[in-house]
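The values are calculated or read from the model by the stated rules, or taken from the named source; none is laboratory data. Please read these numbers as outputs of a predicted model, since none were measured by experiment. Backbone-built Cβ (ideal geometry, glycine too); neighbour counts: all protein chains shown. Areas reflect the complete protein model, heavy atoms only, side chains present, ligands, DNA and RNA absent. Shrake-Rupley method; radii C 1.70, N 1.55, O 1.52, S 1.80 Å.
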Amino acid sequence: MMKRNKLIYLVAVTIGFLFVLGRALAQEENPGTTQFTYKVDFGPVYPIEGTSNQLTGTLGLNDETGELEKLTFTVPLISFIGTHPGYLSWIGNAWTNPDMRFRSSTITKKENHYEVDGTLEFRRRYAPVKINLYRRNVGEEIVLEGDFSMNTRDYFIAPPPVYLVPVWIPMKFTLVFDRPKMDLMGASINTHGT
């Protein structure tokens, strides 16, 4: 009876180890999904956070080196889900300004990431933004993970009260692109649907 219990325990531990190992390998192969998130730590309703999977973007790569040269993305303001997700849509006046758009102007490679300077369009106004961007190649895909803080004062003629709209809103995004073949390195590529 004692040997049987030890055998069952050994089999259970082995199965558990294989399950954990399989999940770790599956996560390495699965790059994630294209998404855009924001979170506000205070405001008229709290907490305020939203996630959108309707983010679309384009990526331009150098013909010879394969390095990033251009990045654009668009996210519909009414596409967010979460806790009070309509907040960004409300301050952006999504009825007349349905999208938030970014277009890069320069991309600088640092040691382990890129600094992307560009213009963010929100409320039909434009302001400079600097994005910290990390690139991973996962199988047949390129995964870009970025973060930046949007200064809301750049998008209003008269700044709204701070208790309603904070000065800074932190944002994060993930873009997943199909990896081009070697002979197509210079072509712009689009995110695939989620």
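At pLDDT 95 or above, open to solvent by 60 Å² or more (accessible area, probe 1.4 Å) and not in a strand (DSSP E or B), is that true of ASP183?
Values: at pLDDT 95 or above: no; open to solvent by 60 Å² or more (accessible area, probe 1.4 Å): yes; not in a strand (DSSP E or B): yes.
No, not satisfied.
Specify the residue that is least open to solvent (accessible area, probe 1.4 Å); the eligible residues are those in region 80-119 that are part of a loop (DSSP other than H, G, I, E, B) and touching a strand residue (DSSP E or B) at 6+ places or on another chain (Cβ under 7 Å). Break it down stepwise before answering.
Start the filter on region 80-119 by keeping residues that are part of a loop (DSSP other than H, G, I, E, B), which leaves 80, 84-86, 93-98, 110-113.
Filter again for touching a strand residue (DSSP E or B) at 6+ places or on another chain (Cβ under 7 Å), leaving 80, 84-85, 98, 113.
Values: PHE80: 15, HIS84: 83, PRO85: 31, PRO98: 70, HIS113: 32 Å².
Filtering region 80-119 for residues that are part of a loop (DSSP other than H, G, I, E, B) and touching a strand residue (DSSP E or B) at 6+ places or on another chain (Cβ under 7 Å), the one least open to solvent (accessible area, probe 1.4 Å) comes out as PHE80.
Return the total of residues in region 132-149 being free of Cβ contacts under 8 Å to residues at least 60 places away in the same chain and either open to solvent by less than 30 Å² (accessible area, probe 1.4 Å) or out of contact with any strand residue (DSSP E or B) (no Cβ under 6 Å at 6 or more places or on another chain) (or both). Lay out the reasoning, then the answer.
So in region 132-149, the residues free of Cβ contacts under 8 Å to residues at least 60 places away in the same chain come out as 132, 134, 137, 140, 145-149.
Subsequent filtering for residues that are either open to solvent by less than 30 Å² (accessible area, probe 1.4 Å) or out of contact with any strand residue (DSSP E or B) (no Cβ under 6 Å at 6 or more places or on another chain) (or both) retains 137, 140, 146, 148.
Residues that pass the stated criteria total 4.
Taking region 67-77, which residues are open to solvent by less than 40 Å² (accessible area, probe 1.4 Å) and modelled with pLDDT under 95?
LEU68
Show the residue pairs that are 6+ apart or on different chains and have beta-carbon atoms under 9 Å apart, the first residue being within region 78-92 and at pLDDT 95 or above, the second being acidic (Asp, Glu) and open to solvent by 30 Å² or more (accessible area, probe 1.4 Å).
Close Cβ pairs satisfying both conditions: PHE80/GLU49.
Given the structure, is GLY118 within 24 Å of PHE177 (Cβ to Cβ) and among the small types (Gly, Ala, Ser)?
yes
Being of a type in the set (Phe, Trp, Tyr), assigned to a strand (DSSP E or B) and more than 18 Å from SER105 (Cβ to Cβ) is the filter here, so list the residues in region 123-163 that pass it. Explain how you work it out, then say what you get.
The initial filter retains those residues of region 123-163 that are of a type in the set (Phe, Trp, Tyr), namely 126, 134, 148, 155-156, 163.
This time we only want the ones that are assigned to a strand (DSSP E or B), so: 126, 134, 148.
Within region 123-163, just TYR134 meets the criteria.
Return the total of residues in region 29-66 being open to solvent by less than 30 Å² (accessible area, probe 1.4 Å), farther than 18 Å from LYS172 by Cβ and touching a strand residue (DSSP E or B) at 6+ places or on another chain (Cβ under 9 Å).
2
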